[in-house]
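Report on the structure given below.
Since every read-out is calculated from the coordinates, none of them should be taken as a lab result. Computed from a predicted model, the values in this text were never measured in an experiment. Neighbour counts are summed over all protein chains in view; Cβ atoms, including those assigned to glycine, are modelled from backbone coordinates with ideal geometry.
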Amino acid sequence: MIQFNKPFVTGDEKKYLAEVFESQEFSGNGPFTQKCQNFLSDFLQGPEVLLTHSCTAALEMMALLLDFKEGDELIVPSYTYPTSASAFLRAGAKIIFCEIEPQTMCISVEDALSKVTKNTKGILAVHYGGIAADVPGLKSEVQGSRVSILEDAAQALGSQLNGQPLGTMGRLSGLSFHETKNIHCGLGGALIINEGDLDRAYKVWERGTNRREKLMNQVARYSWCEVGSSFYPTEFQAAFLWGQLQAINENSEKRKSIYEIYAHRLKKLADDGRIALPKISASNKINYHSFFIFADSDQQQDDLRNHLLKNDIQAYIGYVPLHLSPMGKKLGYKREDLPVTASFSDRLLRLPFHCFLSNEDVHFVCDKIEEFYSAI
Ligand SMILES: *Cc1c(COP(=O)(O)O)cnc(C)c1O
């Protein structure tokens, strides 16, 4: 079976996990957490980075730090992971779903801006598949207003737009280190703070306390200062992540080689109009998180996926758009509300993509896609 995903591992994670056993610092915010945060800060060209136990946690921190509450609105593409919306909904915000650009499956700036009201507090851009959403476009349009631009960069570590790392353009951004992402620690994430009250962020991160000030000997004892939560990961996760971060370049080279085979092999089907491929601008350096294609119809996507499955190849649909989910329906959304999202998500198919695919595997997947299209 050619699996859709196989989590990346280097083997070195074990060595760092053993170091945690020796140091007896288990609970979090220890040496490995510090090392990962410093690494990520450098890698991202300078912002403050706080490790979290998930991207979901980073998104929940965003909602807390920006004081989202009843009456505030968050604009977010329907085409995303549920917690991009639920993190803000649970803070009391009203979720306003917007459309995507079909070429990239990332936020439509035009549609998002058309939905801004006096209650809009934030717009969350999601970098789908590591492809850049137009964050600069959003930022220039809301300049001087109360609207914060935020980034869900869960899939985007290593991608850049005009030389700027994704995750460093919005006010706050989230990364994910879930095992389905390029670099992971089982479950994990990070909050990137590009603008904002760092001191408060530390408190919210450490269960609402000023424990950091105690560790820095600025106060004699620490106590409760803010509404916070237990947002950071254990040192086990940080140690595992540290092992992975050492191999970020190899990981990216391997992914690039897979991506290039897919792109090269599937170009003819795209040129002949049998399938469509995303259009990625030259200013967008991608992290090769995924490879997806668009079939002509929902039915054709299904048939192609089943054809691949019959050949022991696991391809995967993308997100069920949130406005079409049971929760989206509860929020009052209908399919017709976001027709571009509904149509393109129906036809999107993600191909197997992980570091343990051989070139032959990738060619075999392409052979089977060609076989499918030559028969219809
Ligand atoms: C993976 C993902 C998340 C959730 O990340 P977790 O670390 O699993 O909480 C959120 N948003 C997007 C776009 C994702 O791809």
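So what J values fall out for segment 97-102 if you push phi through Karplus, 6.51 cos²θ - 1.76 cosθ + 1.60 with θ = phi - 60°, rounded to Hz, Gly and Pro as x?
For segment 97-102, the Karplus curve yields 7, 10, 7, 10, 7, x Hz.
List the lysines whose Cα sits under 27 Å from the Cα of LYS214, skipping any in the same chain fewer than 8 residues away.
LYS35, LYS203
Which net charge results for the neighbourhood of PRO31, defined as the other residues with beta-carbon distances under 9 angstrom from its beta-carbon, given Lys and Arg at +1 and Asp and Glu at -1?
Taking every other residue near PRO31 into account, the sum is -2.
Placing +1 on the Cβ of each Lys and Arg and -1 on the Cβ of each Asp and Glu in the chain, which of CYS225, LEU349, GLN155 has its Cα farthest towards the positive end of the resulting dipole?
About the Cα centre, the residue reaching furthest to the positive side is CYS225.
Kindly write out, for segment 35-42 in residue order, the coupling ³J(HN,Hα) from the Karplus curve 6.51 cos²θ - 1.76 cosθ + 1.60 (θ = phi - 60°), rounded to whole Hz, with x marking Gly and Pro.
Karplus values, whole Hz, x for Gly and Pro: 4, 5, 5, 5, 4, 5, 4, 5.
With Cβ to Cβ distances under 10 Å as the rule, what net charge do the other residues near GLU101 carry (K, R +1; D, E -1)?
Neighbour charge sum, excluding GLU101 itself: -3.
Determine the gain in length on full extension of the stretch ASN119-LYS69; use 0.36 nm per residue of separation and subtract their C-alpha separation, reporting nm with one decimal.
16.9 nm
Let a ≥ b ≥ c be the square roots of the eigenvalues of the Cα gyration tensor of the chain; is it rounded (a/c under 1.5), or, if not, prolate (a/b larger than b/c) or oblate?
Taking the square roots of the gyration eigenvalues as a ≥ b ≥ c, the chain is oblate.
Can you list residues from other chains, or at least 5 along the same chain, whose modelled amide H is less than 5 Å from the amide H of VAL219?
Amide H neighbours of VAL219, under 5 Å, 5+ apart: LYS214.
Determine the percent antiparallel among the DSSP beta bridges restricted to the chain, to the nearest 5.
Antiparallel bridges make up about 60 percent of those DSSP assigns within the chain.
Using helices alone, what [θ] at 222 nm do you get for the chain, with -39,500 (n - 2.57) per DSSP H run of 4 or more residues, divided over all residues and rounded to the nearest 500? Don't skip to the answer; put the middle values down first.
Numbers: 14 runs with 148 residues, N = 376.
It lands at -12000 deg cm²/dmol.
May I ask for the angle, rounded to the nearest 10°, between helix 55-65 and the longest principal axis of the chain, with both axes built from Cα atoms and the value confined to 0 to 90°?
That helix lies at roughly 50 degrees to the long axis.
Charges at C-beta only: +1 for Lys and Arg, -1 for Asp and Glu. How large is the resulting dipole of the chain about its Cα centre, in Debye rounded to 20? Working shown, then result.
Details: 39 positive and 46 negative charges, 122 e Å.
For this selection, approximately 580 debye.
Along the charge dipole of segment 20-174, Cβ charges K/R +1 and D/E -1, which of GLN24, VAL142, SER84 sits furthest on the positive end?
Result: VAL142.
Give the share of C-alpha pairs in each 10 angstrom bin for segment 141-232, from 0 to the last occupied bin, in whole percents, shortest bins first.
Once binned at 10 Å, the Cα pair distances of segment 141-232 give 16, 34, 32, 17, 1.
What are the ³J(HN,Hα) couplings of segment 164-178, residue after residue, when phi is run through the Karplus curve with 6.51, -1.76, 1.60 and θ = phi - 60°? Round to Hz, x for glycine and proline.
Karplus values, whole Hz, x for Gly and Pro: 9, x, 5, x, 10, 9, x, 5, 9, 9, x, 10, 10, 10, 5.
Using the alpha-carbon centroid of each, what span in Å lies between segment 98-173 and segment 14-60?
Taking the Cα centre of segment 14-60 as reference, the centre of segment 98-173 is 26 Å away.
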